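Engineer: Here it is, the structure in full.
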Amino acid sequence: GSMNEGLVLLDEAGVILSINPAARRLLDAAENCVGQDLLTVDRDVALSDALRQAAEQGHSEFRGQRNGREYQFDVTRIQSEGRMAGTVLLVFDVTERAFAERNRREFTANVSHELKTPMTTIAGYTDGILDGTIPPEKERQYLQIISDESRRLSRLVRRMLDISQIQNQEMKKEEFDLCESARIALLSMEQKIMSRGLDVDAEIPEDSVMVQGDRDLIT
């Protein structure tokens with residue numbers, strides 16, 4: 001009765017032998033549901049499939065949402081003297097764990113996306129200098145871009161080391177020239193633009209436009 005997890009005991013035919021208060025609340029089952037087929041109390045198709053799979057293979061599990069919360073359903077077959085004697089259904093609230101898992105997946109995707117652009121730029125312009133695609137008179141200009149992107153990559157890595165810090169930190173504001181950031185971003189994409197045969201017309205003011213913000217996030 002004091003368990004937070006839902007616990008249901010079924011006989012070999014799927015009839016409820018015992019159900020604790022947590023499971024009754026979760027399944028929205030009546031007080032007198034003992035003696036009824038579980039699938040008449042809860043008609044979830046995923047639960048039906050899990051019961052069938054557990055009967056065949058010994059165990060099954062799935063996740064489902066109820067009343068805005070996420071739960072894991074663990075179904076285990078009970079055997080006695082070589083035959084199926086019943087089933088145990090355990091239900092765990094995994095809402096917080098699922099939220100953390102989604103955050104980790106999102107963080108990983110964001111890291112991959114954020115790091116890909118400067119790494120591609122650095123590799124592309126380095127190869128261009130080495131193989132002669134970039135003429136000697138322009139090498140210094142592109143070496144400066146490589147240097148800037150390397151520093152930005154380093155800053156991004158430092159800021160991504162601590163997930164909780166990223167989630168909780170306030171935006172680091174500094175004064176910088178928005179036009180210069182736009183030009184740098186455009187130059188870093190020059191190889192992709194040329195390789196795809198695109199024409200890009202950027203109307204960037206010649207005078208500085210000074211703003212307050214996070215330079216790296218804007219870039």
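Engineer: Give the number of residues within region 130-147 that are in a helix (DSSP H, G or I) and not basic (K, R).
Structural biologist: Here the count works out to 11.
Engineer: List the number of the failed condition for M119; all other conditions in (1) open to solvent by 100 Å² or more (accessible area, probe 1.4 Å); (2) touching a residue at least 40 places away in the same chain (Cβ under 8 Å); (3) under 15 Å from T219 (Cβ atoms) hold.
Structural biologist: Every listed condition holds for M119 apart from (2).
Engineer: What pairs come out if I take residues in region 3-16 that are more than 18 Å from Q72 (Cβ to Cβ) and part of a loop (DSSP other than H, G, I, E, B) and pair them with residues that are open to solvent by 40 Å² or more (accessible area, probe 1.4 Å) and acidic (D, E) whose C-beta lies under 7 Å away, six or more apart or interchain?
Structural biologist: That search, which allows pairs on different chains as well, returns G14/D37.
Engineer: Right, something else. If we keep just the residues of region 75-94 that are open to solvent by 30 Å² or more (accessible area, probe 1.4 Å) and within 29 Å of the chain's Cα centre (by Cα), which is nearest to I19 (Cα to Cα)?
Structural biologist: Per the criteria, the residue is L90.
Engineer: Continuing with this model, one more query. For region 188-216, which positions are assigned to a helix (DSSP H, G or I), open to solvent by 80 Å² or more (accessible area, probe 1.4 Å) and either charged (D, E, K, R) or farther than 21 Å from A123 by Cα (or both)?
Structural biologist: Listed by number, the residues that qualify are K192, R215.
Engineer: From Y142, Y125, which residue is on the phi < 0 side of the Ramachandran plot and without any contact (Cβ under 8 Å) to a residue 24 or more places away in the chain?
Structural biologist: Checking each option against the conditions leaves just Y142.
Engineer: Condition first: in a strand (DSSP E or B) and modelled with pLDDT of 90 or more. Can you find one or more residues in region 25-40 that meet it?
Structural biologist: yes
Engineer: Let me ask something else about it. Only one of (1) part of a loop (DSSP other than H, G, I, E, B); (2) modelled with pLDDT of 85 or more is not met by E170, so which one is it?
Structural biologist: The single condition E170 does not satisfy is (2).
The values are calculated or read from the model by the stated rules, or taken from the named source; none is laboratory data. Since the structure is predicted, the reported quantities are computational estimates derived from the model, not experimental observations. Please note: Cβ atoms are built from the backbone with ideal geometry, for glycine as well, and neighbour counts cover all protein chains shown. Surface accessibility is based on the protein's heavy atoms, side chains included, excluding ligands, DNA and RNA. Shrake-Rupley method; radii C 1.70, N 1.55, O 1.52, S 1.80 Å.
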